[in-house]
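**Q** Take this structure, written in structure tokens, and hold onto it; I'll ask about it next.
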Amino acid sequence: MTTPVPRPGEYDGLVAAVTGGGAGIGAAVVTELLARGARVAALDLDPSAAPDGALPVVCDVADRASVDAAVARVAAELGGLDVLVNNAGISAVGTVEENDDATWARVLDVNVTGIARVTAAALPHLRASSAAAVVNLSSIAALNGLPQRALYSASKGAVMSLTFALATDHVREGIRVNCVCPGTVHTGFVDRLLQNFPDPVAERAAMDARQATGRMVTPAEVAHAVAYLASPRNGSTTGTALDVDGGVTHL
Ligand code: NAI
């Protein structure tokens with residue numbers, strides 16, 4: 001992982017919570033926000049591998065009681081909550097004929113309802129902040145017809161729509177809400193996904209080739225975009241979706 005360049009002062013005094021902060025993109029976001037001066041909690045099913053300096057908090061975004069307890073703990077131990085990064089998400093491969101109802105329910109529950117649960121729990125704290133920002137992890141799958149990703153794409157399209165709805169509902173309360181749409185980012189998420197394909201090496205090469213830049217996006221690049229969107233210096237950006245996709249969507 002690229003070490004973020006510290007920007008002392010930018011997030012001084014702010015508290016951030018990152019769901020799925022124990023691995024992959026979420027851990028990179030935790031690292032980036034710590035480097036910019038925030039106090040950061042990593043909320044995860046397993047936060048044991050969260051970056052040093054973060055408050056590790058066990059949290060299942062699919063369980064309201066777990067979410068409420070985790071958010072309350074962050075606010076109590078770190079002193080409020082200013083920035084929420086809804087990053088926790090799970091993958092699904094297949095066409096509509098290949099994913100059953102239980103799989104649909106599970107992925108939508110984690111990827112979409114999970115964001116609603118965590119955001120609802122965070123809102124009382126965000127309203128009390130003078131620098132409140134929420135950043136959600138959508139995907140290029142929201143905007144591009146990727147093969148074998150019917151359920152995942154539907155979930156990430158919903159994340160984008162939910163982002164715009166949240167931005168509208170809470171703009172007058174001083175809460176900004178944006179999302180990032182990464183292309184394929186090399187994390188454990190992708191390594192596990194590749195195992196679903198008959199030829200993982202060929203699929204990996206196809207994923208690289210799909211990026212106009214010819215390579216996958218790095219977690220640090222996504223983390224930089226998240227930190228940009230959530231930055232208190234970025235007070236006029238709300239209700240936007242920022243592509244970090246190696247050019248997939250528009251080139
Ligand atoms: P990852 O699988 O490497 O890490 C996800 C983290 O979320 C793990 O630490 C996991 O324990 C945690 N998590 C999973 N379910 C959870 C739950 N119910 N409650 C709390 N934590 C939970 O995934 P990665 O690649 O870092 O992805 C993060 C986000 O970025 C996801 O929302 C994903 O859909 C999105 N994304 C990923 C892309 C990629 O190519 N890796 C591309 C576009 C978006």
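Bear in mind these aren't lab numbers, they're just calculated from the coordinates by the rules spelled out. Because the structure is a prediction, the values reported are computed rather than measured. Here Cβ is always computed from backbone atoms with ideal geometry, including for glycine, and neighbour counts include all displayed protein chains.
**Q** Got the relative contact order for the chain handy, in percent, Cα pairs under 8 Å and 6 or more residues apart? Don't jump to the answer; show the numbers that get you there.
**A** On the way: 532 pairs, mean separation 49.5, N = 251.
Result for the chain is 20 percent.
**Q** I'd like to verify something in the chain: which complete DSSP H helices, judged by Cα projection on the helix axis, reach 18 Å or more and average at least 0.5 on the Kyte-Doolittle scale?
**A** Once both thresholds are applied, what remains is 64-78, 114-127, 150-170.
**Q** While we're here: What is the spin-label model distance, in nm, from N196 to D68 if the labels are put 7 Å beyond Cα along the C-beta direction?
**A** Going by the 7 Å Cα→Cβ label model, 3.3 nm.
**Q** Right, another one. Check A88: other-chain or 5+ apart residues with amide H under 5 Å from its amide H, H built from backbone geometry?
**A** For A88, whose amide H was placed from the backbone, the distant partners under 5 Å are T19, G20.
**Q** Quick check on the exposure proxy: order I175, I90 from fewest to most C-beta atoms within 10 angstrom. All intermediate terms of the calculation are to be shown ahead of the outcome.
**A** Numbers: I175 23, I90 17.
Fewest-to-most Cβ neighbours within 10 Å comes out as I90, I175.
**Q** Add -39500 (n - 2.57) for each DSSP H run of 4 or more in the chain, then divide by its residues: what number comes out at 222 nm, to the nearest 500 deg cm²/dmol?
**A** Numbers: 8 runs with 100 residues, N = 251.
Computed mean residue ellipticity for the chain: -12500 deg cm²/dmol.
**Q** From the phi of every residue in segment 133-148, what ³J(HN,Hα) in whole Hz does the Karplus formula 6.51 cos²θ - 1.76 cosθ + 1.60 yield, where θ is phi - 60° and glycine or proline is x?
**A** 8, 10, 10, 9, 8, 8, 5, 4, 5, 6, 10, 10, x, 7, x, 6
**Q** Also, I was wondering about something else. When H125, H250 are ordered from fewest to most other Cβ atoms inside 10 Å of their Cβ, what list results? Provide the component values of the computation, followed by the final result.
**A** Numbers: H125 20, H250 8.
Starting with the residue having the fewest Cβ neighbours, the order is H250, H125.
**Q** Continuing with the same structure: Just to confirm the filter: which GluC sites (Glu not before Pro) across segment 68-142 are DSSP coil and have at most 14 other Cβ within 10 angstrom of their Cβ? Don't skip to the end; give the middle numbers.
**A** Values: sites: E77, E97, E98; in loops: E97, E98.
For GluC sites (Glu not before Pro) across segment 68-142 that sit outside H, G, I, E and B with at most 14 neighbouring Cβ atoms in 10 Å, the list reads E97, E98.
**Q** List the residues of segment 173-211 whose backbone N lies under 14 Å from a point placed 7 Å from the Cα of T237 along the Cα-to-Cβ direction.
**A** Under cut-off, by backbone N: 176-182.
**Q** Relative contact order for segment 14-106: what is it in percent, counting Cα pairs under 8 Å that are at least 6 residues apart?
**A** On the way: 161 pairs, mean separation 28.9, N = 93.
RCO, segment 14-106: 31 percent.
**Q** Follow-up. What Kirkwood Rh does segment 162-251 have if only Cα atoms enter the pairwise 1/r average? Answer in Å. Working shown, then result.
**A** On the way: mean 1/r = 0.0681 Å⁻¹.
Answer for segment 162-251: a Kirkwood hydrodynamic radius of 14.7 Å.
**Q** Could I ask something else about it? Using 7 Å Cα-to-Cβ label points, what is the V171/L108 separation (nm, one decimal)?
**A** About 2.8 nm separates the two model spin labels.
**Q** Shifting gears a bit: Report the gain in length on full extension from A76 to V58: 0.36 nm times residue separation, minus Cα-Cα distance, nm rounded to one decimal.
**A** Working: separation 18, 0.36 × 18 = 6.48 nm, distance 1.50 nm.
Length gained, A76 through V58: 5.0 nm.
**Q** Name the residues whose placed amide hydrogens come within less than 5 Å of the amide hydrogen of R149, ignoring near sequence neighbours (fewer than 5 apart) on the same chain.
**A** Sorted by chain and number, the residues that satisfy this are G94.
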